[in-house]
Amino acid sequence: MLEKFSRRTFAKLAGLASFGIGSSAAAAQPARAEAPGPKLAPGGFPNGFVWGTATSAYQVEGAVNEDGRGPSIWDTFSHQPGHIADGTSADRANDHYHRYKEDVGLIRELGVKHYRFSIAWPRVFPDGTGTPNPKGLDFYDRLLDELLANGIEPYATLYHWDLPQALQDRFGGWQSSETSKAFADYCGYVAQRITDRVKFLFTLNEVGRFLNFGYGWGIDAPGLKLPPKELNQARHHVALAHGLAVQAIRAQGRAGTKVGPAENIAACLPAIDTPENVRAAEIATRELNAGFLNVIIEGKYTDHFLDYAGANAPTFTADELKIIGARNDFIGLNIYAPQFYVVASDKVPGFSVLPFPSSFPHMKSDWLRIGPETAYWVPRLAAKVWKLDTIYITENGTSSTDQVMPDGKIYDLDRIMFLRNYLTQLQRSIADGAPVRGYFLWSLMDNFEWIFGFEQRFGLYHVDFDTLARKPKLSVEFYRNVIARNSVDA
Ligand code: BGC
């Protein structure tokens, strides 16, 4: 289970064990943003700020055997005993495949005008490659029409972990660059078909999660525990898939289509806000994201990453790096827990990661430590380190117990507390110059929370998984108010 895996394990797998704990100062740099932020009223967000919400295909759609969909690695994995905490699978999930009209109605009621969903690759190419399923995009065509008829702008993610099982069987999934090529072909095809209506495409959701958990620790699908060299190689193939997909989308999508990743950036924060520690957090942001975000933005692996990996470094060519470094129109960041509190260090490369005390508070999910300042520092540091001009927060949200009270209502005050604090910090980040253009709250409704099954609820709308009835939680009212005022303040 997720909780059993400490951040230290993560650090080790990400190739970071060389960053010891120390406290002396590295060369200090100015801590504040270079560009001044927009003039904002207290708590206010910029005009035109994109307020959205998000879901993903496998977590909500159900209908896994309909209209020619092929199996994905998550179908296989969830059906094997012992993998999902409550013994469920997403065979039916929210039955969104059939109830999408009702769900678009929920988005409208929320006052949200931007919706991020994902397209299931195995619906479009049941075997991963080859001939597209003639009915593969029909559902998404219907969904897009419904969204647009309701004045809601669609944002499509092309990969939210549901790899066609056929590619896992044939090539070992992301262990082969054949999968990278298949992904680009699929993305090009989808871009051709939907960019008349969809302007924003996200390539891959949370590489940092699906690679480490699925191919490194055996917790997520496909359940592999690869040795470090093979894991790094698989990560390289995913980075290559991203670059090839960007190229395919630009070649086959309509002019003006915007493309970028949606990544769970390793969130690095200064433990104490001093110029030295902020500088250390900048270095950490680059180094602890060396395996994916940094390489797709800079088109190269950092020296420290390669030195540390040594014989376990991925094998790659200069041409591949060029493809991987294809320009992104924006960077999407999923922000949840603070992951690494750092301080400056004399030791190369200039930062130390501090251990978490066991009393550090968390939300309903043990892994979801509460650190609202994550929403301040992560966009600020990412913008500074990679000179970004357009960032979307592609996910942020929390689980809660979400009890239905005797009056039939759900008073999810902990979720409201979490959101209020994260949004307050995000606003401060924007006011200080972070170029954040939008925010997608995870999630529209409770859904299949991967290895936790239906036990962990992240939705704004409650779902009764027996009757599939949806009902608003108190946080619907909270978010609707924030959007209406374009502000976290009253
Ligand atoms: C994922 C979602 C997931 C959420 C909450 C992110 O890691 O993209 O699919 O449900 O966080 O755990």
- [ ] Kindly indicate the residue of region 374-417 that is part of a helix (DSSP H, G or I) and free of Cβ contacts under 8 Å to residues at least 60 places away in the same chain and also farthest from the ligand (Cβ to nearest atom) among those meeting that condition.
- [x] Y376
Open item on the list: Go through (1) out of contact with any helix residue (DSSP H, G or I) (no Cβ under 6 Å at 6 or more places or on another chain); (2) buried (at least 24 other Cβ atoms within 10 Å of the Cβ) for A90 and report which single condition fails.
Closed with: (1)
Open item on the list: What's the number of the only condition in (1) more than 23 Å from G216 (Cα to Cα); (2) of a type outside the set (F, W, Y); (3) part of a helix (DSSP H, G or I) that E178 fails to meet?
Closed with: (1)
TODO: Report yes if R279 is closer than 20 Å to D303 by Cβ, in contact (Cβ under 8 Å) with a residue 40 or more places away in the chain and open to solvent by 60 Å² or more (accessible area, probe 1.4 Å), otherwise no.
DONE: yes
Task: Looking only at region 459-478, and only at residues there that are open to solvent by less than 10 Å² (accessible area, probe 1.4 Å), touching a Ser or Thr at 6+ places or on another chain (Cβ under 9 Å) and assigned to a loop (DSSP other than H, G, I, E, B), the one that is nearest to the ligand (Cβ to nearest atom) - done: G459
Open item on the list: Can you find a residue that is assigned to a strand (DSSP E or B), surrounded by fewer than 24 Cβ atoms within 10 Å (Cβ to Cβ), under 21 Å from the mean Cα position of the chain (by Cα) and at pLDDT 95 or above anywhere in region 116-134?
Closed with: no
Task: Test result for T394, at pLDDT 95 or above, closer than 24 Å to S118 by Cα and open to solvent by 10 Å² or more (accessible area, probe 1.4 Å) - done: no
Task: Filter result (away from the ligand (no atom under 16 Å from the Cβ), outside any helix (DSSP H, G or I) and crowded, with 24+ Cβ neighbours inside 10 Å) within region 141-172 - done: P164
Open item on the list: Which count do you get for residues in region 426-446 that are within 12 Å of the ligand (Cβ to nearest atom) and more than 16 Å from the chain's Cα centre (by Cα)?
Closed with: 2
TODO: Could you tell me whether K322 is open to solvent by 30 Å² or more (accessible area, probe 1.4 Å) and assigned to a helix (DSSP H, G or I)?
DONE: yes
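The values are calculated or read from the model by the stated rules, or taken from the named source; none is laboratory data. Bear in mind that the values here come from a model prediction, so they are computed numbers and not experimental data. Neighbour counts are summed over all protein chains in view; Cβ atoms, including those assigned to glycine, are modelled from backbone coordinates with ideal geometry. Calculation scope for accessible area: heavy atoms of the full protein, side chains included, ligands and nucleic acids excluded. Shrake-Rupley method; radii C 1.70, N 1.55, O 1.52, S 1.80 Å.
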